[in-house]
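Everything below concerns the one structure shown next.
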Amino acid sequence: MRRIAAFALLLFSFTVFAQDKLLTLDDIYDPDKRVNFSGRLIFQMTWLDGSHYLERRGTQWMKVEAATGKAEPFYDAAKMEAAFARLEGITAADAKRIAMNPTSIRAKFNAALVNIKNDLYYYQFGSDSAIRLTKTSEAEENEDLSPDGKKVAFVRNYNLFVVDIATQTETVLTTDGNAKLFNGKLDWVYQEEIYGRGDYKSYWWSPDSSKLAYLQLDEAPVKEFTVIDHIPNQQDVELYNYPKAGQPNPNVKLGVVSIVNIGGGGATKWVDIAKYSNHQPIIARVGWKPDSSRVVYHITNREQTWLDVNLADPNSGQTSNLFREQTPAWVEADNTELPRWLDDGTFLFLSERNGWKHIYRYSNDGKLSAQITSGKWEARTLHGVDEKNGWVYFSGTERSPIGSDAYRIKMDGSGLQRLTQTAGTHNASFDPTFNHFIDTWSDVTTPIQARLYKCDGSLVRAIDENKVDVLKQYKLSQPEFLQVKNRDGFLMEAMMIKPPGFDPNKKYPVWSFTYSGPHSQSVVNRWGGANFMWHQMLAQKGYIIWICDNRSASGKGAESTWTAYKTLGVTELRDLEDGVAYLKSLPFVDSSRIGLNGWSYGGFMTSYAMTHSTAFKIGIAGGSVTDWNLYDTIYTERYMLTPQNNPEGYAKTSVIKAAQNLSGKLLLIHGTMDDNVHMQNTIQLMYELQKAGKQFELMVYPKSRHGVVDPYLVKHMRELMTRFILENL
């Protein structure tokens, strides 16, 4: 009996000790010593059909039977490796790497499209040989397989090409491309602010594979910006087109080219957008009607105060307007989706016209016929429609603005059902037959897990519960979600992490984080990875962690963002100060020791707060915009208009112009090769601070762009930030 009691005491002591570990920077950031706090991150699962999905497991792609989890290799990697090893110029190491990680699997055709050393190859899984599609000294890029699986389009030297897989016959579709005229390829500002970071492809196959619609971007009016890598003995200099607020954008055209026959192409037919010429237009989305009869495109004016959804005849270029989107402020052109066409020719569209994003149904001629979802919440993602059973599937925030759930609703707007039950953030992926969906879920204390559900919300099985037992070894605090009223009565969402062993009779300093950009939440009930663990580490060192989303960043509808219109930073700072006022009302907060940090827009807000307020004792501003005149056209002018049309707003929101008002200690951080928010922003602020006699600290990271990603530099940066906080707060 005594031995059992002693064992129980030992087990209890071990449990207490195991939950008593304190976090270190090495645990979180050291590339050689860090602890895996997130477990297996589940991202690479793609539906193959109504009952199988493709999943990446280590170095192998598996075909998984959804309902049972039974898995088999999707392709014979050894056979693929052998096929590529037979090709001239492909080393054994290359062949092994390709077989382990094909550039682009096209599951529908049981094939892979591979870009190797800037040439294109095609491989049918299970075959004994791979097909080399191109053999040139120039690079092929932005390759895409046609919907019928017979041809591959790509860009070479700023021109658009098509190659036939069966014959390897190459067709040139455009010939006028050059470093100032992009055919089928996006420039920097279009990929960053409209079509999605890192994706430079700007052409779209028609569903019948007979035509390509593409953008032509004329960069001649756009001024160049220089980015320098100082690490090589002879500096590497990058020049690229970067339009700053008020400066010329690229001129844009939308063309359609027919694939007439193998080895021949038709001349481009340009879509008629002449009526928009005085608006310096931006073409924000391009696609096709399902029957290939019309090109669908979104076009907006330079300041994005409206957006037209148009159809174009691919043979004549003639344009007709379906409808115009407009709000009291801007239209989020980069956040719009093309119409979702139904079998009867009608379509669904996500719109923020009433201040909240919801699903609307339109007739085939663009007349609004019904609003399907409604309320003071958002339908953020339209997954699709099960027309046979009359269900529309989507994800939204009906339950909570700081989470996300999967829903379905009848086409007439009745019968709304929430399909996910556990609070937190759910990301749903529905199979093409709408029988099942894969749900990847997390909350603020739980790393990502994956489950399979039927489309009525009933659980089929857990795919991966991703239990991260190491978290139980550490002394972690339970984050608290709360709401704080700003001076206008708006309920701001907030999160607080108190130190372990919190004593309400003590006074604690506060370390706060912000992003603050329009519709960009920081307070979200989902797993936060390394940043969350760093905040837990600071809490263990005696700091209260505070994150409070200002109204325009709250995620509570487009209407909440419009308060920031034309004066970015002004109302956001007012809201952050209201959050600080709440903190100061708490008896356990040391009101003289409150700090703030953020990156990018958050860096702007931190430096803006430190020069326009006395609420914060210290600040760490990373990758900061310091004057909106220095940032790009499409993002900036959406919210601020052009400097020519809003000079007072630009002056009022400038950090540089207020440098002499710096209050408290400021640490500036920037990547020397930041091609998004240029280091010029920080250098110009430094210059004004120096002239005003204001002391500050600075750290720059070589070879780093808008984010510091080198693991060793990340660790250095977090050590720097931690030291700055401990020494000054």
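The values are calculated or read from the model by the stated rules, or taken from the named source; none is laboratory data. All of these numbers come straight from a predicted model, not from anything done at the bench. Note that we place each Cβ from the backbone using ideal geometry, even for glycine, and neighbour counts take in every protein chain shown.
A few points about this structure:
- In segment 132-146, the residues that are in a strand (DSSP E or B) and surrounded by fewer than 19 Cβ atoms within 10 Å (Cβ to Cβ): Arg132, Glu141, Asn142
- Scanning segment 85-114 for residues that are polar (S, T, N, Q) and closer than 22 Å to Met45 by Cα yields Asn101, Thr103, Ser104, Asn110.
- The set of residues in segment 412-442 that are among the aliphatic types (A, V, I, L, M) and farther than 22 Å from Ile372 by Cα comprises Ala423, Ile438.
- Counted residues, segment 389-437 - those being among the charged types (D, E, K, R) and either in the same structural domain as Lys556 (by TED's automatic domain parsing) or part of a strand (DSSP E or B) (or both): 4
- Given (1) in a loop (DSSP other than H, G, I, E, B); (2) of a type in the set (Ser, Thr, Tyr); (3) over 22 Å from Thr722 (Cα atoms); (4) over 22 Å from the mean Cα position of the chain (by Cα), number of the condition Ser477 does not satisfy: (3)
- Any hit, segment 568-584, residues being outside any helix (DSSP H, G or I) and surrounded by fewer than 23 Cβ atoms within 10 Å (Cβ to Cβ): no
- Residues that are surrounded by fewer than 17 Cβ atoms within 10 Å (Cβ to Cβ) and either closer than 15 Å to Ser293 by Cα or polar (S, T, N, Q) (or both), drawn from segment 314-341: Asn315, Ser316, Gln318, Ser320, Asn321, Gln326, Asn335
- Filter result (within 30 Å of Ile463 (Cα to Cα), of a type in the set (A, V, I, L, M, F, W, C), crowded, with 17+ Cβ neighbours inside 10 Å and in contact (Cβ under 8 Å) with a residue 40 or more places away in the chain) within segment 70-108: Phe74, Met80, Ile105, Ala107
- Matching residues, segment 269-320, being among the hydroxyl-bearing types (Ser, Thr, Tyr), part of a helix (DSSP H, G or I) and without any contact (Cβ under 8 Å) to a residue 12 or more places away in the chain: Ser277
- The lone exception for Lys498 - which of (1) touching a Phe, Trp or Tyr at 6+ places or on another chain (Cβ under 9 Å); (2) within 19 Å of Ala609 (Cβ to Cβ); (3) not β-branched (Val, Ile, Thr) it fails: (2)
- Note on segment 510-536: residues that are more than 17 Å from Ala621 (Cβ to Cβ), within 18 Å of the chain's Cα centre (by Cα) and among the aromatic types (Phe, Trp, Tyr) amount to 1.
Each row is one residue, and each column tells you yes or no for (1) closer than 15 Å to Glu559 by Cα; (2) assigned to a strand (DSSP E or B); (3) of a type in the set (S, T, N, Q).
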site: Arg324; (1), (2), (3): no, yes, no
site: Leu348; (1), (2), (3): no, yes, no
site: Asn354; (1), (2), (3): yes, no, yes
site: Arg361; (1), (2), (3): no, yes, no
site: Lys376; (1), (2), (3): yes, no, no
site: Gly384; (1), (2), (3): no, yes, no
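- Matching residues in segment 631-645 - criterion: being over 13 Å from Thr300 (Cβ atoms) and either outside the structural domain of Gln680 (by TED's automatic domain parsing) or in contact with a helix residue (DSSP H, G or I) (Cβ under 9 Å, 6 or more places away or on another chain) (or both): Tyr631, Asp632, Tyr635, Thr636, Tyr639, Met640, Leu641, Thr642, Pro643, Asn645
- Test result for Glu303, among the acidic types (Asp, Glu), under 25 Å from Ala370 (Cα atoms) and either modelled with pLDDT of 95 or more or crowded, with 20+ Cβ neighbours inside 10 Å (or both): no
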